[in-house]
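> Supplied in structure tokens, the structure appears directly below.
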Amino acid sequence: MEIWIWVLEFHPVDELNTISIDGSGYVIAAFIGYLIILFGIGIYSARFSSEGISEFFIGGRKMNRLVVALSAVVSGRSAWLLLGVTGMAYAQGASALWAAVGYIVVEWFLFMYYARRLRQFSERYDCITVPDFFAERFDDKSGSLRITLVVIFLVFMVSYVSSQFVAGGKAFASSFGITQNMGVFLSAAIILLYTVLGGFMAVSLTDTIQAFFMIIALVFLPIIAIYDMGGWSVVMNELRLQDTAFVDPTALGFGAFIGFIGIGLGSPGNPHILSRYMSIDDAKQLKYAAVVGTIWNVLMAGGAILIGLVGRAYFPEVDMLPASDTENLYPLLAQNQLHPILFGVVIASIFAAIMSTADSQLLVAASSVVRDIYDKLLKKDEEIPQKKLVLYSRIVVVLLVAISLVFGLVAQNIVFWLVLFAWAGLGASIGPTSILALYWKKTTKAGVIAGLLTGTAVTIIWYFVPVLKNNLYELIPAFTLSLLATWGVSKITQTPEKLEEHFEEMTKE
């Protein structure tokens with residue numbers, strides 16, 4: 001059975017039937033209000049983020065527990081949740097909930113255990129980036145480990161950011177009737193402005209605001225739609241008439257079940273999530289963040305799945321959706337159920353999901369260039385003023401936006417197949433290696449490099465072999481083999497005694 005792992009599927013604008021908007025002035029006003037909030041946060045954060053590279057990339061390790069909790073969960077979801085999961089639930093029914101269970105459970109464990117150890121180590125050894133952590137943990141004087149990580153980051157992050165720009169273009173085109181390319185430019189410009197101005201603080205604060213936009217839209221829309229249809233029993237009866245599988249959460253094969261649950265394995269390998277853990281002001285507050293983040297994850301996922309189920313009852317034929325595209329369900333249902341001002345909030349929530357991921361990935365990619373290549377390798381023997389590093393970081397963000405923009409406009413097919421496994425590639429390469437680095441003192445640098453390369457290679461190979469991909473999501477085998485490669489190579493390579501002592505010191509409370 002083919003496993004349906006939803007990511008955004010984009011269509012040229014002339015294939016999209018734009019959603020007509022009654023009261024479009026209200027919608028535009030609500031959306032402009034949302035943008036004003038984003039830009040205001042960017043301006044507010046600019047002075048703090050200009051103080052140094054730590055402030056620009058991880059908020060100086062001074063971020064509030066609520067901000068860390070919400071920004072961590074929404075930066076990991078992107079438009080995949082609002083458009084992809086709603087479309088998945090529309091097509092497959094209640095079994096789509098397993099796609100959310102995996103990442104919700106994994107991220108709770110990350111908050112509770114993994115995050116605290118990473119936060120303590122990063123402060124003790126002044127680690128600003130994930131490559132910083134690896135380089136310090138394994139005494140990477142040659143820079144080979146750092147360079148390997150940076151290459152993996154840039155390959156996946158640029159394609160990921162490009163896909164978010166194109167997703168923004170699609171949302172602009174379907175919501176406001178402009179061309180998709182113009183929408184891509186607008187998405188890039190909005191994200192660039194507040195990210196360059198405010199750095200990590202602006203990104204985290206806007207993510208927190210965007211978390212509220214997303215929760216309001218995802219929770220209230222299905223409640224209103226269910227009430228409008230006559231109640232939950234009416235919705236369920238309609239779904240049963242179409243296909244009893246729509247109301248059966250177990251109506252999927254074993255391979256599909258494992259694939260859905262396995263989505264969560266990507267979380268410990270995506271550095272834009274890990275940077276949130278490193279930024280919190282007090283590691284003890286991560287338990288609070290675990291509770292808040294888990295509640296938010298459950299509510300958002302539950303809302304997305306309910307939207308898909310109610311949408312199936314409301315629009316029983318896929319031909320009733322614009323361009324027969326299930327990913328247009330969310331805005332179409334909102335347009336049919338909500339006042340134009342609230343519909344504006346829904347449109348804002350789509351952009352919130354897109355921006356909360358793209359801005360975080362831009363910072364991670366920029367930090368890998370400025371901190372890990374320029375500061376730690378090219379200029380490692382020089383003392384560079386912090387304000388100069390911040391300036392260079394802002395320039396690199398602009399350059400990365402330009403590269404991602406061009407990539408998104410002229411190489412869309414490449415972007416699309418890359419984003420299918422970007423989450424898997426990062427999760428499979430960095431996830432198992434970072435877990436072993438944090439919890440197994442005999443992990444070696446050679447083992448980590450083997451795991452990084454194995455996870456990346458298996459992800460790509462598995463994706464391009466149809467008989468493999470159609471039976472199991474590539475993240476599962478890639479993560480497993482990366483873990484085994486890291487363990488196996490570490491077992492046959494000697495761990496320097498000083499690194500074992502370093503590990504003991506690192507893990508002391």
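The values are calculated or read from the model by the stated rules, or taken from the named source; none is laboratory data. Fair warning: this is a prediction, and the values are worked out from it, not measured in the lab. All Cβ positions, glycine included, derive from the backbone under ideal geometry; neighbour counts span all protein chains shown. Just so you know, the surface numbers come from the protein's heavy atoms only, side chains and all, with ligands and any DNA or RNA stripped out. Shrake-Rupley method; radii C 1.70, N 1.55, O 1.52, S 1.80 Å.
> Kindly provide the helix-only [θ] at 222 nm of the chain, computed as the sum of -39,500 (n - 2.57) over DSSP H runs of four or more divided by all residues, to the nearest 500 deg cm²/dmol?
Value at 222 nm, helices only: -24000 deg cm²/dmol.
> Heads up, I need the accessible area for Ser78: 1.4 angstrom probe, whole protein in place, Å², nearest 10.
10
> Let me ask you something else. Enter the angle in degrees (range 0 to 90, nearest 10) between the Cα long axis of helix 24-49 and the first principal axis of the Cα atoms of the chain, meaning the one along which they spread out most.
So the inclination is approximately 10 degrees.
> What percentages, rounded to whole numbers, describe P(r) for segment 33-72 computed over all alpha carbon pairs with 10 Å bin width beginning at zero?
In order of increasing distance, the bins hold 26, 50, 24, 0 percent.
> Further question on the same structure: Any idea of the accessible area per residue across segment 80-129, 1.4 Å probe, to the nearest Å²?
Numbers: 1380 Å² over 50 residues.
Accessible area per residue, segment 80-129: 28 Å².
> May I ask for the Rg/Rh ratio of segment 37-175, computed from Cα atoms with Rh as the Kirkwood radius, given to two decimals?
Details: Rg = 18.4 Å, Rh = 18.2 Å.
Using Cα coordinates only, the ratio equals 1.01.
> Using Cα pairs closer than 8 Å and at least 6 residues apart in sequence, work out the relative contact order for the chain, in percent. Could the numbers behind the result be given before it?
Working: 900 pairs, mean separation 156.2, N = 509.
Result for the chain is 31 percent.
> Okay, moving on. Which of the listed residues, Tyr330, Leu110, Ala256, is farthest toward the dipole's positive end in the chain, when Lys, Arg count +1 and Asp, Glu count -1 at the beta-carbon?
So the residue furthest toward the plus end is Leu110.
> Sticking with this structure for a sec: Kindly express, to the nearest 10 degrees and within the range 0 to 90, the angle between helix 98-109's C-alpha long axis and the longest C-alpha principal axis of the chain.
Taking Cα atoms only, the helix is inclined about 30 degrees.
> Same structure again: Between beta-carbons, use under 11 Å as the cut-off and find the net charge around Pro316, counting Lys and Arg +1, Asp and Glu -1. Write out the running numbers ahead of the final one.
Values: positive: Arg312; negative: Glu238, Asp243, Glu317, Asp319.
Charge balance near Pro316 sits at -3.
> Please go through the residue pairs Lys379/Lys445; Lys62/Lys508; Lys376/Lys445; Lys62/Lys441 and name each one whose alpha carbons sit more than 26 Å apart in this structure.
Details: Lys379/Lys445 23 Å; Lys62/Lys508 22 Å; Lys376/Lys445 18 Å; Lys62/Lys441 29 Å.
Where the Cα-Cα span goes over 26 Å, the pairs concerned are Lys62/Lys441.
> Mind running the shape call on segment 105-145? Use the C-alpha gyration tensor, a ≥ b ≥ c as the square roots of the eigenvalues: rounded below 1.5 for a/c, prolate if a/b tops b/c, oblate otherwise. If you can, show how the numbers build up before the last one.
On the way: a/c = 3.42, a/b = 2.08, b/c = 1.65.
In terms of gyration-tensor shape, prolate.
> Where in segment 316-385 are there GluC sites (Glu not before Pro) that are in a DSSP coil and have at most 16 other Cβ atoms within 10 angstrom of their Cβ? Could you put the intermediate results ahead of the total?
Working: sites: Glu317, Glu327, Glu382, Glu383; in loops: Glu317, Glu382, Glu383.
Loop-located and lightly packed - Glu317, Glu382, Glu383.
> Right, here's the next one. What's the angle, to the nearest 10 degrees (0 to 90), between helix 115-124's Cα axis and the longest principal axis of the chain?
That helix lies at roughly 40 degrees to the long axis.
> Tell me, in nm to one decimal, what length is gained between Lys491 and Asp126 on full extension, where the rule is 0.36 nm per residue of separation less the Cα-Cα distance? All intermediate terms of the calculation are to be shown ahead of the outcome.
Working: separation 365, 0.36 × 365 = 131.40 nm, distance 2.87 nm.
Taking 0.36 nm per residue and subtracting the Cα distance, the gain is 128.5 nm.
> Give the shape of segment 214-255 as rounded, prolate or oblate, defined through the alpha-carbon gyration tensor: a ≥ b ≥ c are the square roots of its eigenvalues, a/c under 1.5 means rounded, and otherwise the shape is prolate if a/b is larger than b/c and oblate if not. All intermediate terms of the calculation are to be shown ahead of the outcome.
On the way: a/c = 4.25, a/b = 1.41, b/c = 3.02.
Taking the square roots of the gyration eigenvalues as a ≥ b ≥ c, segment 214-255 is oblate.
> Here's something else I'd like to know. Tell me the net charge near Ser95. Cut-off is 12 Å between Cβ atoms, Ser95 excluded, with +1 for each Lys or Arg and -1 for each Asp or Glu. Walk me through the numbers on the way to the answer.
Details: positive: none; negative: Asp243, Asp248.
Local charge sum for Ser95: -2.
> Something else: Using a 10 Å Cβ count of at most 12 others and DSSP loop calls, identify the longest part of the chain lacking such trypsin sites (Lys or Arg not before Pro). It would help to have the intermediate numbers written out before the result.
Values: sites that count: Lys141, Lys379, Lys380, Lys508.
No qualifying site falls inside 142-378, the longest such stretch.
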